[in-house]
Amino acid sequence: MAKFYFNYATMNTGKSALLLMKAHSFLENGIPILCIKPSIDTRDGEDIIKSRTGMSMECLSIDPDDDIYVIVTNYCQNLIGADMPVPKWVLCDEAQFFTAAQVDQLARIVDTMDINVMCYGLRTDFRTELFEGSKRLFEIADNIEEIKLSCSCGRKAIFNARVDSDGQIAIDGDSIEIGGNDRYRPICRKCYYEKTAEKRENPWIV
C-alpha cells in the first residue's frame, strides 16, 4: 500500500540532495519516479531540482493554481498510452510552498492511484510560523520525519533565520523570499530569541 511521507528540516540540511539520492536509487533499481516542485522555487530554473552538492534532475514545475492530482493523472495516462511504466513514487522538493489544497491533492494520489508520495521541505518561515503546505503535511501525512541539524551553539536548529547584509536577523517581511546561505541561517530557539530580543515587543530572553 502506498504512503504519504513528509521529511522536514531547516535550510542547509541537504533536503534536495537527499531527494536526488533517493531518486537516483529508485532509477538504478528500475523503479519509475516523477519529481515535482513548486514553480515559486526559481533558484536553479523552473524545471530542475538541484542541490548544493551539484546533483540535479529534471522535474515538473507546479504553479499555485495547478491541480497536482490532475497533472499526475494526465502524466500517467500519457505513459500508459506510450506503453511505458507509470511512477511508483512522486518526489516533491520545497513542499512547504504547495498550497493546502495541493497537499490534499498529493494525498489523493496516494489513496486513489496507489503511488507513494515523498515530500521534502521546511517546517517554518523566518518568522517561526508554519508554511501553509507544511502545516497541511503535518496534519495528513502518514510518515513524518525530521532531518536534524545543529545550530552554531550546538543545540538543535529548528528555525530558519533571515539575515541582512550585516548578518542581523529580520523578524518582519514577506513570508516567502527565495534565497540561499546569503539570506538564511539555521538557528536554535534560544539563539533566535537572544539575537532578536531588542526587535520584539515581548522578549522572553534578554
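The values are calculated or read from the model by the stated rules, or taken from the named source; none is laboratory data. Fair warning: this is a prediction, and the values are worked out from it, not measured in the lab. Methodologically, a virtual Cβ is constructed for each residue, glycine included, from the backbone with ideal geometry; neighbour enumeration extends over all protein chains shown.
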Q) Which one is surrounded by the fewest Cβ atoms within 10 Å (Cβ to Cβ), of the residues in segment 135-167 that are in a loop (DSSP other than H, G, I, E, B) and free of Cβ contacts under 8 Å to residues at least 12 places away in the same chain? A) Asp166
Q) Do we have any residue at all in segment 102-124 that's at pLDDT below 95, out of contact with any Asp or Glu (no Cβ under 9 Å at 6 or more places or on another chain), surrounded by 14 or more Cβ atoms within 10 Å (Cβ to Cβ) and under 30 Å from Lys190 (Cβ atoms)? A) yes
Q. Restricting the first residue to segment 92-113 and requiring it to be of a type in the set (Lys, Arg), which pairs with a second residue that is not in a loop (DSSP other than H, G, I, E, B) meet a Cβ separation below 6 Å and a spacing of at least six or different chains?
A. Arg108/Tyr69
**Q.** Residues that are at pLDDT 95 or above and of a type in the set (Ser, Thr, Tyr), drawn from segment 20-60
**A.** Ser25
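Kindly state which strands (runs of 3 or more DSSP E) lie completely within segment 3-117 and contain at least 2 residues that are over 30 Å from Ser150 (Cβ atoms) and either touching a Ser or Thr at 6+ places or on another chain (Cβ under 7 Å) or among the polar types (S, T, N, Q) (or both).
Here the list reads 60-62.
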